[in-house]
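Before any comments, here is the structure.
Nothing in this text is a laboratory measurement; each read-out follows from the coordinates by a stated rule. A quick note: this is a predicted structure, and the numbers were derived from the prediction, not measured. Heads up, the Cβs are rebuilt from the backbone with ideal geometry, glycines too, and the neighbour counts pull from every protein chain shown.
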Amino acid sequence: MVFITFDGIDGSGKSPLAEALRKALAGQGYDVTVTKEPTDGEIGRLTHRVTKGELKMDMLALQILFAADRAEHIAKFRDIIESKDRVLISDRYYYSSIAYGEAAGADRKYLEVLNSVFPKPDLALILDVDVGIALERIAAKNSSTLFEKKETLERTRTAFRKFSGVTFIDTGRRSKEETAVEVLQLAKALLK
């Protein structure tokens, strides 16, 4: 199995690029599954309520819920993870939990330990974009969460930039199509 993750601040283009990669790989005959965090499971729905402001929760408790949702998520896809000829794409993974958690004031080392039990992706893509561009994209979607504020996104972007062993892709300076070609090339290099 090849495991590819897309992370980055809200408005960085994760969902469209994950779908573009799925479509391109499936068109070339690969068995591809796209998934998303937080999930639509019980725990994931609870995290959605918190991030939409419908339910108040301590930020550390929220981070633990994100990890619990991830544990359920990984368990659900265990058959794909253990296969040799499939591709699993995740729209968000633990990199987002760590970056957003740190931006909200949680201890980064604690978040890294909390998430250290989860499988490391074969290709971890961090999509980087100027916060102003991200906010324009967010406004066009007519949705908002607790994290979609300029100051929060700036702190989160800074936290994302601390990761090593990942591939950073600037999604603000090129078209979605040009970026999708780069992502496909990176994925295809793993599939050889």
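What ranking do 41-48, 98-105, 160-167 get when scored by the average of other Cβ atoms within 10 Å per residue, highest first?
Output ranking for 41-48, 98-105, 160-167: 98-105, 41-48, 160-167.
Note on Arg108 and Lys176: the model spin-label points, each 7 Å out from Cα along the C-beta direction, lie 3.2 nm apart. Applied to segment 105-118, the Karplus parametrisation 6.51 cos²θ - 1.76 cosθ + 1.60 on θ = phi - 60° returns per-residue 3J(HN,Hα) values of x, 6, 6, 4, 4, 4, 5, 5, 5, 4, 9, 5, 7, 8 Hz, with x for Gly and Pro.
Computed on the chain, with alpha-carbon pairs under 8 angstrom and 6+ residues apart, the relative contact order is 35 percent. Sorting the segments 61-74, 112-125 by their mean number of nearby beta carbons within 10 angstrom, highest to lowest, gives 61-74, 112-125.
With 5 Å bins beginning at zero, the pair-distance distribution over Cα atoms of the chain amounts to 1, 8, 17, 21, 22, 17, 11, 4, 1, 0 %. I need the calculated FRET efficiency for the pair Ala71 and Lys150, taking r as the beta carbon distance and R₀ as 22 Å, to the nearest 0.05. The calculated FRET efficiency here is 0.10.
Straight-line cross-link partners of Lys56 among the lysines, defined as a Cα under 26 Å from its Cα and at least 8 positions apart when in the same chain: Lys36, Lys109, Lys141, Lys149, Lys150.
Summarising the amide proton neighbourhood of Gly172: residues at separation of 5 or more, or on other chains, whose placed amide H is nearer than 5 Å comprise Asp130. Of the peptides 11-18, 30-37, 182-189, the order by per-residue mean of other Cβ atoms within 10 Å, starting with the highest, comes out as 11-18, 30-37, 182-189.
A cut-off of 5 Å between modelled amide H atoms, ignoring neighbours fewer than 5 places along the same chain, links Val34 with Ile89. Cβ-Cβ distance of Glu82 and Ala26, R₀ of 35 Å, FRET efficiency by 1/(1 + (r/R0)^6): the value works out to about 0.95. Within the chain, the selection of entire DSSP H helices by a Cα span of 24 Å or greater along the long axis and an average Kyte-Doolittle value of at least -1.0 returns 59-76. Which residues in segment 97-131 place their backbone N less than 14 Å from a point set 7 Å from the Cα of Leu186 along the Cα-to-Cβ direction? Residues 121-129 fall inside that zone.
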